[in-house]
1. Fully extended, how many nm does the chain gain between D394 and S623 (0.36 nm per residue separation, minus their Cα-Cα distance)?
2. Divide, for segment 244-364, the radius of gyration over alpha carbons by 2.2 N^0.38 Å, where N is the residue count.
3. Rounded to two decimals, what is Rg over Rh for segment 706-777 when you use alpha-carbon atoms and the Kirkwood radius?
4. May I ask you to rank K273, K194, K853, K477 by accessible area, largest first, using a 1.4 Å probe over the protein chains only?
5. With Cβ to Cβ distances under 15 Å as the rule, what net charge do the other residues near A602 carry (K, R +1; D, E -1)?
6. What distance in nm separates the simple spin-label points at E371 and L852, each placed 7 Å from Cα in the Cβ direction?
7. Checking a compactness column here: for segment 691-849, what do you get for Rg(Cα) / (2.2 N^0.38 Å), N being the number of residues?
8. Beyond a 27 Å Cα-Cα separation, which of these cross-linked pairs lie in this structure: K788/K828; K437/K729; K329/K431; K729/K788?
Amino acid sequence: MRMLGASRDAAINVITPIGSAAVVAVCALLTNATPTDGADLAQAQRVADAGRYEDALQEAATALEGNIYNDRWHLLKAKMELALGRRQAARSTLEWGLRRHASSIKLRWLAREAYRRTGDGESAERMLGEILKLAEAAPWRYSDAENLVVLGQAALEIGLDPKIVLKAFFQRAQQASVVSKSPAWAIGQLALDKHDFRLAASAFRDALVRFPDDADLLSGLAVAIRGSDPAGSLEALQAALSANPLHIPSLLLIADRQIDGESYDDARETLGKVLSVNPHHDEAHAFLAAISHLQNDPEGEQTHREQALDGWPGNPRVDSLIGRELSQKYRFEEGLAAQRRAMALDATYLPARRQAAEDLLRLGNVEEGWELAAAVSQDNPYDVAAYNLVTLRDEMQQFATLEDESFIVRMEAHEAEVYRQRVLTLLNRAKSHLCEKYGLELSEQIAVEIFPDPADFEVRTFGMPGIPGFLGVCFGKVITANSPASQAAHPTSWESVLWHEFCHVVTLQLTRNRMPRWLSEGISVYEERLADPRWGQPMTPRDRQRILDGHLTPIHDLSSAFLDPDSPGGISFAYFQSSLAVEFLVETYGFDALLAVMDDLAAGLPVNETLPRHTVEMAQLESAFVDFARSRAEALAPEADWSTSDLSEILSDDDSETLLRNWVAAHSHNYQGLTTFADVLIENENWDEARQTLERMHQLYPEHVGDDSPLIRLAAIARRRGDAEAEWKSLQQYATLDADATETFLRLIELAEARSDTDALAENARRLMGVNPLTKHPHRALAIAAEKNADSAAAIAAYRSLLALSPDDPSLIHYRLAAHLAAVGDTKPAKRHVLQSLEHAPRYRDAQRLLLKLTRADAE
């Protein structure tokens, strides 16, 4: 916290020697921990660890009636009183303890918390100063693990370098005792505070080897791996609550997850459990204030915020937590306002400053956002999130900036040379179509940032690297996206990504960022499919089966499917189901009903209240959607038999081809059997029958996309047999189904050039550009097509992009570009490029003649 006046100066003077020579002295004089009162205290602690706080409190109170020679029973009693929200009682217990144990810094550290929670900031400051003075006066007294942890926490509080604290206090405390979990917990918590999740996870995991059922450590691990391993995080949370069903940090994490999934009623129930233990818990009330805000309940928000600040009106954690929750729901302006309130209470409060920087950047206020991020990093050099942001800022200063009246695009300079105009064209086409359709008039430019490094995208988007699985994200006024350079192994149409994200711009702005996730994602995927049938997510056989097996998530709870998928591919299905729900709403109740729902959302109505206003009652709507989804599922390849059978015995037979032929003859519509039979036929090079089988499969399921598509396999057979015409037909069909089929587009470019089919050459070059514009092939094909069509403007664009990609024959490319520039009368750059051509090949006769022609034209 912030320290004022002489008390802060005195504390700094006290800690300074501890930070140098005295720190070494304290840490070098490690001794065994002071003895406890034996099994009774250990038993009471186990009762507390199991969540039986009242019982543990009673045991401590009973023990304190006798002769106690150390501070541990007072500590346990006060901790239980604080856990139960009995702040004044905890304060009295700690003051009593300090009268009996005047040298205890552990009691003072806990008393500091009790004083703060009873509104006595002056006494809280005094406790911190006394801790430092006691440590300076008798460092040998505080050399055990528990006391070293307290000294480390005090050192952090007055601003000592966290790396020094980690090494000089927490790690030495860890060496001092293998029976105390406190050092590991302190290391993990420090790492979490600084967003060093890897170190935090390592610290908690190491400690859990010795304390496998400790709820504090399990809960800490759950936080540390939440972004990198959501399933493991949930497993750790469940283990923590198994050890202690009333473990408050774990219950708060569960509530946070439920809020993420928009399960607000469930979150309220979970927070009710916290308040049943501690009716005054500040974080529980802060979460409830955030929920009230999200549910358009300003009175409830104010009530819970006041309750959260009761006893400690200057607690910055309350507003910072409220703001964090709002920002996680894309309510960045309201979230930023909450962080500003927190910083008004404590200008040094790191979580509020860091979150405010991220909010500013997500709102497009980049100058103020980067400035605040740099200040946070300078003041807290160990903070990993702030460091990552500042490093990213330095990298982005090298980006090219493209701008028109509607967009500011920032992208890597080399990539900008290659396809910047295509980006702006696509974005403006999306704006023209979607803004008109949804009735939105943009009032300011939209920022679009495209990152070639996935880690940079993750830092800009989530604040930390190591959160894979996202192609693009929209915050309302800012779009971030991975560039094609980051998708070499799994190429995806960058055009569909930008269209999807710009649709978010429209819907988020129309609703003032008050959309449930399922509706926001559903509309974007739905609009992708309308813009280009190859985009979006077509139904797959797996989707079909999930629907028919009754695994649809109810619309009223559909956002939760994005948070906790129930199986592999569950998140993908959440996107698909959401788009299907939007399609159902539009087709059944009309597009105007969807617009009306969005208007209500903007006014603050919850989605489950507004949907019945413009459709039917929720139960009826849910039932009608299930029927709609089932009808769509049944319409997918309706003649195909999708049942599966165990064919392993047939495949293990020496004459598996004959056996499979007989099996398929008896099950002629079974897609699994046909697929397996085709595999065997191809392996045995029985090309004619393989072709017939694949054609049968295509008839049954013509929408099949992927490497195992019948069309792709038919093309491969045709190529092997030298049948270019059959290969061409199969690949041309497939190209109309899959926007990400780079190998197909490349092969079609080759075939189109051999066929002298200029239109097909250009068409497939554009298709390839939509996935990967950073390869030479599409630009070369577009240049050839443009020249055959005598289109110098198109040729100029293609050759310029080729030059940015380091072509194999730069002399030829410079010459061709110069020739087309000359053809449109742009002689100055034409001369520059012909000279560059001659630099690479001084004897290039065509370039010499063109230079002579241009020189004579200048003379005339």
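1. Details: separation 229, 0.36 × 229 = 82.44 nm, distance 5.31 nm.
Gain on extension, D394 to S623, equals 77.1 nm.
2. Details: Rg = 13.5 Å, N = 121, 2.2 N^0.38 = 13.6 Å.
For segment 244-364, the normalised Cα radius of gyration is 1.00.
3. Values: Rg = 11.4 Å, Rh = 12.1 Å.
Dividing the radius of gyration by the Kirkwood radius yields 0.95.
4. Numbers: K273 100, K194 25, K853 140, K477 55 Å².
The ranking, largest first, comes out as K853, K273, K477, K194.
5. On the way: positive: K329, R331, R512, R514, R613; negative: E333, E334, E441, D599, D600, E609.
So the environment of A602 carries a net charge of -1.
6. Modelled inter-label distance: 6.2 nm.
7. Working: Rg = 19.0 Å, N = 159, 2.2 N^0.38 = 15.1 Å.
Ratio of Rg to 2.2 N^0.38 Å for segment 691-849: 1.26.
8. Numbers: K788/K828 25 Å; K437/K729 36 Å; K329/K431 24 Å; K729/K788 23 Å.
Over 27 Å Cα-Cα: K437/K729.
The values are calculated or read from the model by the stated rules, or taken from the named source; none is laboratory data. Everything numeric here is computed off the predicted structure, so don't read it as measured data. Counting neighbours? That spans all protein chains shown, and the Cβs are built from the backbone with ideal geometry, glycine included. Quick note on the areas: whole protein, heavy atoms, side chains included, nothing else; ligands and nucleic acids left out. Shrake-Rupley method; radii C 1.70, N 1.55, O 1.52, S 1.80 Å.
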